[in-house]
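The next block holds one structure in the form of structure tokens; read it before the comments.
No value in this document is a laboratory result; all are computed from the given coordinates. Computed from a predicted structure; not experimentally measured. As a convention, Cβ positions derive from the backbone with ideal geometry for all residues, glycine included, and neighbour counts pool all protein chains shown.
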Amino acid sequence: MTIDRGSQNTPDPTSGLGLRERKKQATRDALVEAALELFAAQGVDDTTVEQIADRVAVSPRTFHRYFETKDAVLFADTAGRAAQIAAVLDGDDGRRPVLEVLTDAATALASMIVADYPRSAQRFRIIEANDHLRGRFLRVSEEIADLCAAYVARRLGLDQGDRLPRLVGTCTVGVIRTAHRRWIVDPALDITAEVRASFALLADLEPALTTGATGQRAHR
């Protein structure tokens, strides 16, 4: 399925902000864009805060009002993505199957990733090319896994550190990462459908591992 990005009704994150806040958001966005362009052109290690700030015509001091380090630019959307998943999980009334709610949370995050194209794809490629950044990205993924594990524990009346919540949280992150990686290779891929297909495949994992077949359910 091909995604028509031009027809997506992505909400404007600045629509409810005052003039001062919109200006601050515009500066922050400009710093992110400048940093990504420089990182892609010359690498993260060879890019300085001064270069990023100069491209946006602000001072390094202004840069540090928004980001502690240059690396932090690459993870500027982390809090928003975690909040998106948390909102879906916290909104569950306990009536739906756990896996269904987790699927909705993961697809909500996937939709955010697609809406941020091509910046999301560029950011991911930069992170993947740097061992230090990949380690930080893994820690961010663990935070998402913890959110999901905590939700599963609440629903099942278990401790968050128990085997089942931890396993399900890790699997949820694995689903998101698998869909994300496949989408990076082929941006025409429907990433939300990929997320749902991966969850369906997890449900059919035992027969799939036995027969080597993914089954029809996993491809819907």
Subtracting the Cα-Cα distance of residue 62 and residue 37 from 0.36 nm times their residue separation yields 7.1 nm
For the chain, longest principal axis from Cα atoms; helix 19-42 axis from its Cα atoms; angle between them, nearest 10 degrees, is 80
Measure of size requested: the Rg and Dmax of region 110-176, with Cα atoms as the atom set and Å as the unit; please supply both.
14.3, 41
Spin-label pair residue 83/residue 154, simplified geometry with 7 Å Cα→Cβ offset, distance in nm
1.7
Quick check on region 17-73: what does the Kirkwood estimate of hydrodynamic radius come out to from the alpha carbon pairs, in Å?
11.3
With charges set only on the Cβ (+1 for Lys and Arg, -1 for Asp and Glu), what does the dipole of region 77-219 come to about its Cα centre, in debye to the nearest 20?
240
Please name whichever of 172, 141, 69 sits farthest to the positive end of the charge dipole of the chain, dipole taken about the Cα centre and charges placed at Cβ: Lys and Arg +1, Asp and Glu -1.
69
Along the dipole axis of region 77-219 (charges at Cβ: +1 for Lys and Arg, -1 for Asp and Glu; origin at the Cα centre), the most positive-end residue among 121, 151, 193 is 121
With runs of 4+ DSSP H residues as the only contributors, calculate the mean residue ellipticity of the chain at 222 nm using -39,500 (n - 2.57) per run, divided by the residue total and rounded to the nearest 500.
-22000 deg cm²/dmol
FRET efficiency for residue 24 and residue 46, using Cβ-Cβ distance with R0 set to 22 Å, rounded to 0.05:
0.20
Longest principal axis of the chain (C-alpha) makes with the long axis of helix 163-185 (C-alpha) an angle, in degrees to the nearest 10, of 60
hull vol. (C-alpha, convex hull) per residue for the chain, Å³ -> 159
Tell me the label-point distance for the pair residue 163, residue 111, using the 7 Å Cα-to-Cβ offset, in nm and rounded to one decimal.
3.6
